[in-house]
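Everything on this sheet refers to the single structure shown next.
The values are calculated or read from the model by the stated rules, or taken from the named source; none is laboratory data. For clarity, every value in this text was computed on a predicted model and none was experimentally measured. Note that we place each Cβ from the backbone using ideal geometry, even for glycine, and neighbour counts take in every protein chain shown. Note: accessible area is taken over every heavy atom of the protein model, side chains too, but ligands, DNA and RNA are not part of it. Shrake-Rupley method; radii C 1.70, N 1.55, O 1.52, S 1.80 Å.
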Amino acid sequence: MCAQEGKMGYQFLNIPVSAHSAALGGANISIIEDDASMMWTNAALLTNVSDNSILLGYNSYIRSSHLMSAGYTKAIGERGTWALGAQMLDYGKMDETDEQGSVVGSFSAKDLNFQTSYSYMLSDYWSGAITAKVLLSNYANYSSTALGADLALNYFDEAHGFSFSAVGRNLGGQVKSLYDDGVKESMPFDLAFGLSKDFANAPLRVSLTADDVTHWDDVKFIQHFVLGMDILPSSNTWVALGYNFRRAHEMKVADKSNWAGFSIGAGLNVKKFKVGVAYGNYHVAASSFLINAGFSL
């Protein structure tokens, strides 16, 4: 049986890691910033990141589940940037039960991603990137392994404050299945397009992202889009708002939206230190708080 016929796995790769992208609706791939956390959504943007940048991230996802990340970027020559990244979704301790439902112990569950990216300035306007991933899952006595890749492209016209990106995420497949039946899970492939536009006479930037454009079953056209707006009081600060149409639809409960789909965040850059925070709802069970902290050596 081929991987495409199995279940979809490694969904933790769709959880926002970048606070700025999360604040803009959770799928932004086109903002131009000196922000190493954008390596998780579009590695082609790494050409705008300072040399020797270190990044740490944390997302309080659902109850006892926590997403942690770390990254490092290094300039290679005048046009290239190399990056290393790791992320882990720890689901915490869970009860282990027997056939009768009696608790007989506990177990832990984790998903991990180790990745490396290389971004290169193709011209004065275009940059491209490739990312290779090794994915590991460990649930009690079960484990799986997968190999994945991202391909990314960005066009940036600084004079007009316009950025356009295209990203294909999570190409690849599983090499070791989780269960003994040998059925392999497929990767959560995502093809996305995004644009961002600055305004010369106003401290604003607007973004529009078309996400997961290869999957249309039971999804309305509007639900593929994510809107975002940055308010930029100064060159060192940002406040961001976002609205994700698909998330708003999927998390609507009993005809009440409970602000599902909306997200908000802010960031501050002080010399070589950068911090960003974001708040949003990614699951009906709880809200999430996300923080990134970065430092350029």
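Along the range 161-167 the Karplus relation, 6.51 cos²θ - 1.76 cosθ + 1.60 evaluated at θ = phi - 60°, assigns HN-Hα couplings of x, 10, 10, 10, 9, 9, 9 Hz to successive residues, with x for each Gly and Pro. Hey, how many Å between the Cα centroid of the range 49-98 and the Cα centroid of the range 148-189? A separation of 16 Å, based on Cα centres.
For the chain, the share of accessible area belonging to carbon and sulfur comes to 60 percent (1.4 Å probe, ligands and nucleic acids excluded).
For the chain, the residue among W40, L290, V104 whose Cα projects farthest onto the positive side of the dipole built from Cβ charges is L290.
Each principal axis of the Cα atoms in the range 124-265 has its own extent, and those three values, largest first, are 61, 48, 30 angstrom. Rounded to the nearest Hz, the phi-derived 3J(HN,Hα) couplings of the range 182-187 under the Karplus curve 6.51 cos²θ - 1.76 cosθ + 1.60 (θ = phi - 60°) are x, 6, 8, 7, 8, 7, where x marks glycine and proline.
Diffusion coefficient of the chain by Stokes-Einstein, Kirkwood radius over Cα pairs, 4 °C, 1.567 mPa s: 65 µm²/s.
Rounded to the nearest 20 debye, the dipole magnitude of the range 79-154 is 440 debye, with +1 charges on Lys and Arg beta carbons, -1 on Asp and Glu beta carbons, and the Cα centre as origin. Under a 5 Å amide H cut-off, with hydrogens placed 1.01 Å from N, F289 pairs with S60 among residues at least 5 apart or on other chains.
Ellipsoid fit via the Cα gyration tensor, the range 109-155: semi-axes of 33, 7, 6 Å, each the root of five times an eigenvalue, largest first. Pairwise alpha-carbon distances in the range 199-266 exceed 18 Å for 48% of all pairs. Computed from backbone phi, the HN-Hα couplings of the range 105-114 come to x, 9, 8, 10, 9, 9, 10, 9, 9, 10 Hz, rounded to whole numbers (Karplus: 6.51 cos²θ - 1.76 cosθ + 1.60, θ = phi - 60°; Gly and Pro given as x). In the context of the full set of protein chains, the chain has a per residue accessible area of 49 Å² (1.4 Å probe).
Note on the range 55-168: percent of Cα-Cα distances in each 5 Å bin, starting at 0 and stopping at the bin with the largest distance, equals 2, 10, 14, 15, 16, 12, 9, 7, 5, 4, 2, 2, 1, 0. Every Cα-Cα pair of the range 171-229 was included, and the share exceeding 17 Å stands at 60 percent.
My understanding is that a pair violates if its Cα-Cα distance is over 25 Å; which of K74/K274; K74/K176; K176/K252 do that in this structure? Pairs exceeding 25 Å: K74/K176; K176/K252.
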